[in-house]
Each structure stands twice: as structure tokens, then as C-alpha cells.
Amino acid sequence: MNGKMKAIVKHHRGEGAQLQVVPIPDVKDDEVLIKVKATSICGTDVHIYNWDEWSASRVHPPYVFGHEFSGEIVETGKKVTHFKQGDYVSAETHLICGSCPQCLTGQYHICENTKIIGVDTQGCFAEYVALPAANLWRNPENMPEDIASVQEPMGNAVHTVLNGDVAGKSVAVIGCGPIGLMAVGVAKAAGASQVIALDLNSYRLNLAAEMGATSTINAGELNPVEEARKLTGGHGVDVVCEMSGHPIAMDQGFKMITNGGRVSILSLPVHPVTLDVTNDIVFKGITVQGITGRKMYETWQQVSRLLDSGQVDVSPIITHHFKLEEFEKGFQLMNEGKCGKVVLHP
């Protein structure tokens, strides 16, 4: 398809972004062109927008960023046979090599040559995006566009929570940004006996309660380790899902975990974190997991089924809708912590 489109461009190595008119991307033989219906802002996008140390070391402006979306296929490449024009899709955002040791053993989510849409390649904060057909996920026809656009980050929450048993266990979710809020709902749906949500932001703690948290702790007002231990009979929580990336919060997570517990870390601390490895990891005999992306495509099936069954309702998390041109309002709300998930509509 020839022509131009509106897109949010990370235009320089510094803070901010610009709405620009750029060429509609060409489609390779194994790709499709998608008309974006809804695209949501991720914490990674905020890192890129704010231009912190991580983004400065990873991304290379100018380019279109953004990676969470839903849309309709409007053009298919010559080799694409299992998707057609009009299909309603979202996408797995990890582009994998298929030939490294991890890929060859089915561990596609930790491909050593992974590239991420909207981080390492052109993204979806635009009217159109071109992607490999192999990365597409066909959405149910009745799924709202905004819900469909947040399946990718919900996959992060599902992978973090369900990468071990949670049924009948106490789960602490540290950091109630959008993915942390989804993790609360997933843990509750998976049968956790307690879901303890921790944050400094009262607005987001209220959203956590809506998502099913049995207890909320404002870490700026109460000692989170002491409170978590009180809620668990003094033993500590069975599972910690670390979503904040803050060094103090991360250390507190390791201090509140029970002996033999599991700490799953999805967050991306900007600086190295100091932990008491001897007392909080080794002597406790805990399991520590780094979580990246989603298991391809096991996690997508779990996400789709949890949403379709109604066991997890993410609609309370989607708090704001803006036109693509109003993207700065969305990033401002994300930086201020006065929102759940922000969805942009091209």
C-alpha cells in the first residue's frame, strides 16, 4: 500500500517524541500490513519516551515505537497463506531467530537473538504496522479493540504469576502499574489464597482492590515486610511477583518471601540492585526467576482463555482513551501514576 500515515516517532536521543507523517511501511513476502485500531502504552514505551539509561543504551532513533496493539489486516505478502485481509489480530512482539540453542529446544521466549517490535524495529504507534505473519495472534471477533490491545502485556503478567504453582498460596504483587494490576487478577483467578498488592500510589492500590487483591499495602505509610508477615501468620509470602523495579521494593520482596518461596522478577531496574544474597536467598532456599516476554505461544492461549472465560476482567485497568495525536497526555498520566492502562486510537 502506497501513501503516508500518522505515527509517533522517537525523533532524537532525548526526552519526548513527535507526531509525524511517515511512509506506510512496505510488506515483505512473509509479512502482513495491519491497520491499527487500538494501541496501548507500555512501561517500556515510557522508558523510551523519558530517555533513561536503559533506552539510551538500547534504542536508535529516529523510528516509530510502540508494541501493543489490535488491528485489521489490509494487505498480505505473497507467502502468507494462513491469514487474510479482514482478519482481526494482535501480535507477539518478540521476533526470534529460530536457530539458536534456545529456539531449537522450544524456548522461543528466551531466544538469544530476540528483537522486540517497537524497540529494535519499527513499531505500532501509527495508523499501520507491517509484521511477520508468524507473529500474529487471531483475536475473537467479539473482543473489544482496547482489550485486544492489552493481551501482550497481560501475557507478561500471566507468565510471571503462572511460572510456578499459586493455587492455595499467598502471592505478593510489588508494583501496581498496569502489568502488576493484571498480575493481581491472574493470581486471584488461579486460586491464590491471598493476593497482597503493594505500591506507593493510592490510586493504583484502589485499582488493585478492584482487580481482586485481598489486601493492599501502601509502602510509603506502612512497613511492607512487617505487614506482609502479619498477613501470613508471620511466615512470609509464598510467591513474590516483582513489578516495580525499585531497588528498595525489590529488597523488601526478598525479605518478605517465606523459606522455599518463589520470587519472579519482571521489572527492569535501571541501576544494579543490592540484595542480601546470604540471608534472603541462600539460607531461605528460594527460587528466583527472571521473566521475559511470554512463552510462545502457550502464554497467549492462557491469556485468551482467561479473558474469554471472564475469569479475568481487565476493563477496570483501562482507564484512559486518547486519539493518537493526544499521546503526550497519555505519557504524562503514565509518568504521574494517575492511570491504569492508556489506549491510543489512530
Q. With charges set only on the Cβ (+1 for Lys and Arg, -1 for Asp and Glu), what does the dipole of the stretch 63-220 come to about its Cα centre, in debye to the nearest 20?
A. 340
Q.
So if I place +1 on the C-beta of Lys and Arg and -1 on the C-beta of Asp and Glu, and nothing else carries charge, what would the dipole magnitude of the stretch 212-293 be about its Cα centre? I want it in debye, nearest 20.
A. 180
Q. Assigning unit charges at the beta carbon (Lys, Arg +1; Asp, Glu -1) and nothing else, what dipole magnitude in debye, to the nearest 20, does the stretch 1-156 show about its Cα centre?
A. 360
Q | Mean accessible surface per residue for the stretch 211-346, computed with a 1.4 Å probe while every protein chain stays in place, in Å² | A | 47
**Q.** Net charge over other residues, Cβ less than 15 angstrom from the Cβ of Gly175 (K, R count +1; D, E count -1)
**A.** -1
Q.
Could you work out what % of the accessible surface of the stretch 17-137 is carbon and sulfur, using a 1.4 angstrom probe and leaving DNA, RNA and ligands out of the count?
A. 49
Q.
With a 1.4 Å probe and all protein chains left in place, how much accessible area per residue does the stretch 22-81 have, in Å²?
A. 41
Q: For helix 247-256, report the angle its Cα long axis makes with the longest principal axis of the Cα atoms of the chain; keep it between 0 and 90° and round to the nearest 10°.
A: 50
(Q) Given the DSSP H assignment, sum -39500 (n - 2.57) over each helix run of at least 4 residues in the chain and divide by its residue total; what's the result at 222 nm in deg cm²/dmol, nearest 500? (A) -7500 deg cm²/dmol
Q: Determine the gain in length on full extension of the stretch Asp313-Asn223; use 0.36 nm per residue of separation and subtract their C-alpha separation, reporting nm with one decimal.
A: 29.4 nm
Q | Cα long-axis angle, helix 151-161 against the chain (0 to 90 degrees, to the nearest 10) | A | 20
Q) Cys100 to Lys4: extension gain in nm, 0.36 nm per residue of separation minus the Cα-Cα distance? A) 30.9 nm
Q. So for the stretch 1-85, taking the charge dipole from beta-carbon charges (+1 Lys/Arg, -1 Asp/Glu), which of Tyr49, Ile34, Phe65 sits furthest toward the positive end?
A. Ile34
Q) Which of the following values of mean projected area of the Cα convex hull in nm² was calculated from the structure shown: [x] 16.7; [y] 23.7; [z] 21.3? A) [x]
Q. Quick one: Karplus J couplings for the stretch 225-233, per residue in order, coefficients 6.51, -1.76, 1.60, θ = phi - 60°, nearest Hz, x for Gly and Pro?
A. 5, 4, 5, 5, 5, 4, 6, 10, x
Q.
Quick query: amide H of Cys97 versus all other amide H atoms, modeled in the peptide plane; which residues come in under 5 Å with a sequence gap of 5 or more or a different chain?
A. Asn113
Q: Between the alpha-carbon centers of the stretch 127-196 and the stretch 309-326, tell me the distance in whole angstrom.
A: 13
Q.
With a 1.4 Å probe and all protein chains left in place, how much accessible area per residue does the stretch 136-207 have, in Å²?
A. 30
Q: With a Förster radius of 30 Å, plug the Cβ-Cβ distance of Thr287 and Glu336 into 1/(1 + (r/R0)^6) and report the FRET value to the nearest 0.05.
A: 0.30
Q | 19 Å Cα cut-off, lysine pairs counted over the stretch 261-346 (separation 8 or more, or different chains) | A | 4
Q. Over what distance in Å are the Cα centres of the stretch 224-258 and the stretch 29-86 separated?
A. 35
Q. Tell me which lysines have Cα within less than 22 Å of Lys84's Cα, excluding those fewer than 8 residues away on the same chain?
A. Lys28, Lys35, Lys37
Q) Carbon and sulfur together cover what percent of the accessible area of the stretch 304-346 at a 1.4 Å probe radius? A) 43
Q: For the stretch 29-135, just say rounded, prolate or oblate: build the C-alpha gyration tensor, square-root its eigenvalues into a ≥ b ≥ c, call rounded for a/c under 1.5, and beyond that prolate if a/b exceeds b/c, oblate if not.
A: oblate
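The values are calculated or read from the model by the stated rules, or taken from the named source; none is laboratory data. All of these numbers come straight from a predicted model, not from anything done at the bench. Glycine also receives a Cβ, built like all others from the backbone with ideal geometry; neighbour counts cover every protein chain displayed. Just so you know, the surface numbers come from the protein's heavy atoms only, side chains and all, with ligands and any DNA or RNA stripped out. Shrake-Rupley method; radii C 1.70, N 1.55, O 1.52, S 1.80 Å.
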